[in-house]
Amino acid sequence: MTTDSPAVALRDIRFSYQKSAAPVLAIEKWQMQRSESVFLFGASGSGKTTLLNLLGGVTSPDAGIIELLGQPFSSLSSSKRDKFRAQHIGVVFQQFNLISYLTVAENIAVAAYFGKGADELAQRSADLVSKLQLPESVLHQKASNLSVGQQQRVAIARALINKPEILIVDEPTSALDASARDAFMELLMQISAESQCSLLFVSHDMGLAKYFSRQEDMRELNKALEVGA
Ligand code: ADP
Ligand code: MG
C-alpha cells in the first residue's frame, strides 16, 4: 500500500436508495489526502451519513469508483472489503452502535481484527481508554451503564483498536452541551493526531469547523445533483 496515494478518492459516484428515486449522491470528483483532517458539513438530509456508509462499505455505490489508500475499495469482493475495512478504517457512528449488554472491553474486542492476541488486545484497550481520559474500571462496565459522553469515548476507542489509517466520525457531538463538546473535540483531535489517522468528520454544526485543516460543503461535493448531470 503506497503512502502517497490519497486517503479517499471518489470518481463519478452515484447513489440512490431506490431505483426510481432521485439520487442522494452525485459526486464527480473528490479527494482527501492522508495528512488532512476534513470537516464535512451540510444540512440534515444532505447525504453525509449516506456517503460515510459508502466509505465504510456498509452500502455500495450504484456507479463510480471509491479508492481508499490507493485500493479500489468499491470493486473489492464483499469479503475482501470487510477485511480491508477491519484493517484500515475506523468508524464512529452517529448513534455509537455499542452493544448494550456487553462490557466496554467486550465491545472493543468485537471490533478487534482477528490477528490480535488476548494480551495485546487487553493492553491496547487499556491504553486507548486511558488516552480517552476514562478510568480503567470502565472496561468492565456494561455499555448500557455509561453516560452518553462515556459511550462516545468508548466508540472512539473501538474505532481505533485496529490502528486504522482512516478515521470516520459521524455527528458525534449532537448530544453534548457546549463545554462537553469542546473537551470532546480537543480529545478527538489529539488522539487522531497521535494515531496518525486521516480524519473525516461530519457535522451540521459549523462551530466545530475550526478544529480541522480543511472544510468541505456537502452541497459542493454533490454539485452534479443541482445541474442534473
Ligand atoms: P445526513 O446524514 O446529511 O442528514 P442522510 O445521508 O442520512 O443525510 O440522508 C440523505 C437523504 O437520503 C435524505 O433525504 C434521507 O431521507 C434519505 N435516506 C437516508 N437513509 C435512507 C434509507 N435507508 N432509505 C431511504 N432513504 C434514506
Ligand atoms: Mg447523518
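Assorted remarks:
- Subset of segment 147-184 [in contact (Cβ under 8 Å) with a residue 24 or more places away in the chain, more than 16 Å from ligand 1 (Cβ to nearest atom), closer than 29 Å to Arg34 by Cβ and among the hydrophobic types (A, V, I, L, M, F, W, C)]: Val154, Ala155, Ile156, Ala157, Ala159, Leu160, Ile161, Ile166, Leu167, Leu176, Phe184
- Filter pass, Gln133 being surrounded by fewer than 18 Cβ atoms within 10 Å (Cβ to Cβ), out of contact with any strand residue (DSSP E or B) (no Cβ under 7 Å at 6 or more places or on another chain) and touching a residue at least 12 places away in the same chain (Cβ under 8 Å): yes
- Scanning segment 47-77 for residues that are within 17 Å of the chain's Cα centre (by Cα) and of a type in the set (Gly, Ala, Ser) gives Gly47, Gly56, Gly57, Ser60, Ser74.
- Scanning segment 26-46 for residues that are within 16 Å of ligand 1 (Cβ to nearest atom) and touching a residue at least 24 places away in the same chain (Cβ under 8 Å) yields Ala26, Ile27, Trp30, Val38, Phe39, Leu40, Phe41, Gly42, Ala43, Ser44, Ser46.
- Some residue of segment 63-83 being in a loop (DSSP other than H, G, I, E, B), under 26 Å from Leu221 (Cα atoms) and within 16 Å of ligand 2 (Cβ to nearest atom): no
- Failed criterion for Ala43 (all others in (1) out of contact with any Ser or Thr (no Cβ under 6 Å at 6 or more places or on another chain); (2) within 13 Å of ligand 2 (Cβ to nearest atom); (3) at pLDDT 95 or above hold): (3)
- The set of residues in segment 110-137 that are over 24 Å from Ala86 (Cβ atoms) and part of a helix (DSSP H, G or I) comprises Glu136, Ser137.
The values are calculated or read from the model by the stated rules, or taken from the named source; none is laboratory data. Predicted model only: the values in this text are computed from it and were never measured. Backbone-built Cβ (ideal geometry, glycine too); neighbour counts: all protein chains shown.
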